[in-house]
1. From the list 535, 517, 571, pick out the single residue that is within 17 Å of residue 602 (Cβ to Cβ), modelled with pLDDT under 95 and not in a helix (DSSP H, G or I).
2. Starting from segment 612-627, take each residue that is modelled with pLDDT under 90 and list its partners that are in a loop (DSSP other than H, G, I, E, B), counting only C-beta distances under 8 angstrom and pairs at least six apart or across chains.
3. Considering only residues of segment 425-472 that are modelled with pLDDT of 95 or more and hydroxyl-bearing (Ser, Thr, Tyr), which is nearest to the chain's Cα centre (by Cα)?
4. So which residues in segment 527-550 are of a type outside the set (Ser, Thr, Tyr), within 41 Å of the chain's Cα centre (by Cα) and over 15 Å from residue 472 (Cα atoms), if there are any at all?
5. Determine if segment 164-184 includes at least one residue that is farther than 20 Å from residue 104 by Cα, in a loop (DSSP other than H, G, I, E, B) and of a type in the set (S, T, N, Q).
6. Please return the ranges of helices (runs of 4 or more DSSP H) entirely within segment 332-416 where 1 or more residues are over 20 Å from the mean Cα position of the chain (by Cα) and surrounded by 22 or more Cβ atoms within 10 Å (Cβ to Cβ).
7. Residue under question is residue 645, and the condition is that it be within 30 Å of residue 385 (Cβ to Cβ) and either of a type outside the set (Lys, Arg) or modelled with pLDDT of 55 or more (or both); does it hold?
8. When you check residue 348 against the structure, is it touching a Phe, Trp or Tyr at 6+ places or on another chain (Cβ under 9 Å) and over 24 Å from residue 497 (Cα atoms), yes or no?
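The values are calculated or read from the model by the stated rules, or taken from the named source; none is laboratory data. Note that this is a predicted model, so its numbers are computed, not measured. When we count neighbours, we look across all protein chains shown, and the Cβ atoms used for this are built from the backbone with ideal geometry, even at glycine.
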Amino acid sequence: MVSLASSEQAISDVIATSIGGSLKRKHTGSDCEEDAFSSSQVKRQKVAFDPDVEVRILEDWSEKNEKGLELVREEVRRGLEKHIAGDSTGYDQLKHLLTAKPSSNDAPTTSLLRKYTVVLNSHIGLLNKKCSGLVHAILDCNWLVRDELFVGSYIRLLGSLISAHGGYTGSVLQMLVNNFIELPPPVIRYQDDPIVRRPQLQSRVHQCLKYLLRLIPSASGSLSSILSSSFPFSTDTTKAHVEYIRNLLKITEYAPELKGEILALVTERLVKIDVQIQVDMEDLEEDIEESLIQDVINKSENEDEGDDAADASDDESVSSEESLADDEKHLRDLKESVGKMDAILDLLFDYYHPIFAKGSIFDVDDTFEHLLSQFANTVLPTYRSRHTQFLLFHFGQSSPALIERFAGACAHLSFDKSRPHIMRLAAAAYLASFIARGAHVSAKVVRDVFDLLGSHLDSLRQANEYKCSGPDLRRYGAYYAIAQALLYIFCFRWRDLIISPDDSLEDADILFDGRDLLWVPGIKEIMTRNIYSKLNPLKVCSPTIVTQFARIAHHLRFLYVFPLLETNKRLRLSRSLGSSSMYGSLPERETALSGKRGEAAFQLDAYFPFDPYHLPRSKRWIEGDYVEWKSIPGLDDDGRDEDEASDSDSQGSESEEEQEFEEETATEASL
């Protein structure tokens, strides 16, 4: 019998010789590592193992850390074999060794632990369901804080594991994704290992994930569902959301097959936060809203000082939660949500910016297609989305081609009869708001879109006027949505609808001499035919927009519609509605056709989704992209005619109407 205590080196030599003598064995990454360990050992005479001698993991770490690779191999082999036979003593010791905290007194050295990962790699076939406990111990190993050699060996072990046992793929990927939420603190490292900073820890996670996805491409499907299920809850902190999303965006750089799903996931969760904010804002008074905005601005400035301040803020908000009254807690949660949305949008703007600024044509086209898909599938169907859509507003103005592409997409959605009618109405509102508010939208695009909408409006009029008994939003919703879009565009971009010999003239110069303006051919005729048709769009469109259009059109000598507005006051929409409803199958939710009473229930909302943007941190991205409302020279100085004067008591002053137009065409909340 040969004693292990006296023949450890000899045992190693015997195993090494027997391995080296096989010509049929296929060399793998783990084999190379084993060769590296074995090559430094001195050859001795051969000895034979006695199966009756127990090989155990030594409890004295100082001795254990000097253990050779072949002894480690024998420990692992016997531990696995005896576990299968019913004796789990050595098996449990292996689990304890792998999960020991690196900073603990009994922690193995990183060099020794690497030997175990190498040996486990060579026994990967034995790690089936019967050894699932050991597999989970491998996954619980504090590998991120070890040295580079160990990290590389550990990553290869994970690759071998999911290659041989696909059932562990989900567990391996879940372990990696958990590090997106919370990384291990660098202080738990083994004392002889170098310090590893947070950026390097994150880099190692992505290094491993990238390796596994390239090794097993089909793992992308499992990863996608894990990323979705692991996404922070809407009530989690701003820091948790930002860190998680930053890691998701990093994945798109090396896993392009997941780019669309990841970006759609982020947009979907952002829209939920966005919508909840609008719901929570409804009950706030105006002065509280203004205070809320200022608080968010102050918090944003403070958080820019560093992550430590952000961490302290998160901890403080959690610890003080129980001491707040319900109203105070509601307001605090709302501030947190606004700051969270602001931080996420700022991160997304920063992610997309280099692609549109310096990316290849292919990258720009592919990324913009993803934005359009998110818009059509997530943003457009969401009535209360307030800020998420500004990603498309900003990057949709990156080039003339993208401006036309987004405008064309909105027009197509608005005209598509296969789409739900509520989505067609929303698409028309998005198109009008983009054309009216986009600072980089050229005069040519304004004219082309106005002509396109006008032609479609006229076609709808011709198809429906003969059977129309009066204005009816439920029957002709798409028609009125396009009509309101035209009124809104006219109010903001009338300057681009006139033909002027000198484009450099200011508005005051154009209107100085009081002569009739030369309008783009056809637009006055189309607007006249439709405004005075049986469909009567000025009765159904938002009164705020109709009133402003009437004032501007009269001042510019485009159309004079005040007599029609007086007639419409005597018309009750509730009496003119037909018995059938094109909205009969719509789900019950607040839309342009619900949540209102009286005549307003049968009129369109003044909903234009690109008005205005107040988030303090991310608003820097749209500076220069946005057309602010400005008064038309001479409009406030004009005297009203008799029709206008008769309505002065109910409508208020000219300046008050303009302020109301600017405020009410924005979405319902000021944030």
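1. The match here is 571.
2. From residues that are modelled with pLDDT under 90, the pairs are 612/628; 612/666; 614/670; 614/671.
3. My answer is 430.
4. 527, 543, 545, 546, 548, 549, 550
5. no
6. The helices (runs of 4 or more DSSP H) meeting that bar are 400-415.
7. When the stated conditions are applied, residue 645 does not pass them.
8. no
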